[in-house]
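All remarks here apply to the structure that follows.
The values are calculated or read from the model by the stated rules, or taken from the named source; none is laboratory data. Being a predicted model, the structure only gives us computed values, none of them experimental. All Cβ positions, even for glycine, are placed from backbone atoms using ideal geometry, and neighbour counts span all protein chains on display. All accessible areas refer to the heavy atoms of the entire protein, side chains included, with ligands and DNA or RNA removed. Shrake-Rupley method; radii C 1.70, N 1.55, O 1.52, S 1.80 Å.
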Amino acid sequence: MEMRNIIHKIKYLLPLAVLFCGNVRAQQAWTLQACREKALQHNRAIAIAEKTEEKTVYESKSYLANFFPRISASGAYLYTNTSLNKTLKGNYLPTFVPDPATGQLKPNILTAPDGSPVIGADGNHVFKEYAYFPDMKFDVGLNGTCFAGIRAEQPLFMGGKIMSAYKMSLAGKDIARLNSQLARAQIIVETDEAYWLCMKAVESQKVAVAFRNVVNELLQNVENAYRTGMKTKNDILKVQVQINKAELQLQQAENAIRLSRMNLCRVMGIPLFSDITVSESLDEQPAEVSRSTDFTARPEYSILEKQIELKDRQMKLVRSDFLPNIGVMANYGYMKGLEMNGTPLIDKMSFSALLSVKIPIFHWGEGMNKIRAARVEKQIAQLQRDDLNEKMELEMRKALDKCEESMLEVDMTVRALEQAEENMKTSRDHYEAGMETLVSYLETQTLWQQIWLEMINAKINRRLHETYYLRATGGL
């Protein structure tokens, strides 16, 4: 059927083929798939999404490091001209003697002849002997104090904070990957729209050229009839009006081709004035669509599920702030410093370990309210998911209906074009036989052109609705 239409239009399309014969050799033909790949390579939104995904990979690895001990080295040196100078004043000290019976030391107290202790004027006991303690000077210096060592820190229990943060990073990585898929689908849709818009402009130009050729042929016949006195000058003017209309439509089609090519070049990221052409055929059969397909394969659906998971992990992360935290720390290093009278008090290697426990007791309801707020955020995310799921379901059903409608519209316009061609042929025969007016014949030509354009629009819409359906079902 389509082949018969093409053969029937050969005489109208031949001048167009001759006109563009030289240009086609210079043009680069692009398939739809090639345009998609080029657009995906060029588009900055895809690059941003890929970089965001790469960033989340690094972030998840950084959170994974929290499960392992943190080892660090540190060192310090202190220079100061400040020192502590003190003198302990000397004095007389009491003496003690061992008790032969017990072996314990007892005060060496002076006793009276009756054996009672002698009490001095100050009310204290008087000792038989005193030991003299001279003045003692203390010079404590901090200058030159230094230390160097290695520290290891290991969290033992943080209330689930480390695990929650790590799983949140994994969910964020998945969301970034899904956003990359979503951006890719959007770029494909934009590329398909630009591609088929260019195809529509090219096909519309063919219609405009064919219509102009038909009208030019009619003008030549009317002029020949006018010279023989069979037609009036008014008939020539009527046909001339149609020729002017055809020339305007051809100019509009050429402008549409130029602009649509520039738009396609922009989407693909190549110079705007590149000499390209589209190579797909509008007569190819569309992909099969199934009403059993659901929308769960869409990136948006998975993003909503991951956002709920993220909110759940966030709630556990908030809860961890109000649970016991247990950690251990170990240090091993060398320290030198704190000299007294020129002699270092510390000059050796040392090891130390510290166990830290923090148990929140009472915070005036802060923890409970934060957990409740996080739980409400999760519920909000669930409600948003349910609402968007219904919208995606509606969008999928609408896209499916549009696909079926566009396929039916294609079939109807193809049959209508066959009828219009047959009608135009019959009208021409009647006009040439004098059985039909010129106005009626011109109307059949206009109707033929309009139906041809409607068929092109129907085929373009069929391809676009196929793309929209694949996007609505996650097939891009």
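Numbers for the structure displayed
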{"quantity": "Residue (of His363, Thr413, Met315) at the positive-pole extreme of the chain, dipole from beta-carbon charges", "calculated": "His363"}
{"quantity": "The range 21-105, accessible surface, carbon-and-sulfur percent (1.4 angstrom probe)", "calculated": "57"}
{"quantity": "Net length gained if the chain between Leu84 and Asp135 were fully extended (0.36 nm per residue, minus Cα distance)", "calculated": "16.7 nm"}
{"quantity": "Net dipole in debye of the range 276-435 [+1 Lys, Arg Cβ; -1 Asp, Glu Cβ; about Cα centre; nearest 20]", "calculated": "2100"}
{"quantity": "Lys137, Lys378, Lys336, reordered so the largest accessible area comes first (probe 1.4 Å)", "calculated": "Lys137, Lys336, Lys378"}
{"quantity": "Cα centroid of the range 414-470 to Cα centroid of the range 101-149, whole Å", "calculated": "128"}
{"quantity": "Net charge dipole size for the chain [Lys, Arg +1 and Asp, Glu -1 on Cβ; Debye, nearest 20]", "calculated": "1020"}
{"quantity": "The range 169-193-the range 387-412 distance, computed between alpha-carbon centres (Å)", "calculated": "22"}
{"quantity": "Extended-chain gain in nm, criterion 0.36 nm per residue less alpha-carbon gap, Gln104 and Val241", "calculated": "35.3 nm"}
{"quantity": "Label-point separation, Gln220 to Gln41 (7 Å along Cα→Cβ), nm", "calculated": "4.7"}
{"quantity": "Distance in nm between pseudo-label sites at Gln419 and Ala34 (7 Å out along the Cβ direction from Cα)", "calculated": "4.0"}
{"quantity": "Most positive-pole-ward Cα, Thr444, His430, Met455, against dipole of the range 385-476 from beta carbon charges", "calculated": "Met455"}
{"quantity": "Filter on Lys55/Lys358; Lys311/Lys391; Lys231/Lys425 - keep pairs with C-alpha separation over 27 Å", "calculated": "Lys55/Lys358"}
{"quantity": "Carbon + sulfur, % of accessible area of the range 336-476 - ligands and nucleic acids excluded, 1.4 Å", "calculated": "56"}
{"quantity": "Pairwise label distance in nanometres, Asp347 with Asn66, each label 7 Å out on the Cα-Cβ vector", "calculated": "4.6"}
{"quantity": "Met412 - accessible surface, heavy atoms, 1.4 Å probe, Å² rounded to 10", "calculated": "110"}
{"quantity": "Percentage relative contact order, the range 78-213, counting C-alpha pairs under 8 Å, at least six apart", "calculated": "26"}
{"quantity": "Gained length - Leu354 relative to Phe273, 0.36 nm times residue gap less alpha-carbon distance", "calculated": "22.0 nm"}
{"quantity": "Rounded percent of accessible protein surface that carbon and sulfur make up, the range 174-276, 1.4 Å probe", "calculated": "53"}
{"quantity": "Relative contact order for the range 263-413, counting Cα pairs under 8 Å that sit 6 or more residues apart, in percent", "calculated": "25"}
{"quantity": "Per residue, in Å², the accessible surface of the range 395-476 once ligands and nucleic acids are set aside, probe 1.4 Å", "calculated": "47"}
{"quantity": "Relative contact order for the range 106-164, counting Cα pairs under 8 Å that sit 6 or more residues apart, in percent", "calculated": "21"}
{"quantity": "By average C-beta atoms within 10 angstrom, highest first, the peptides 462-468, 393-399, 435-441, 298-304", "calculated": "462-468, 298-304, 393-399, 435-441"}
{"quantity": "Accessible area (Å², per residue) of the range 40-166, counting only protein heavy atoms and a probe of 1.4 Å", "calculated": "75"}
{"quantity": "Met368 accessible area, 1.4 Å probe, all protein chains in place, Å² to nearest 10", "calculated": "100"}
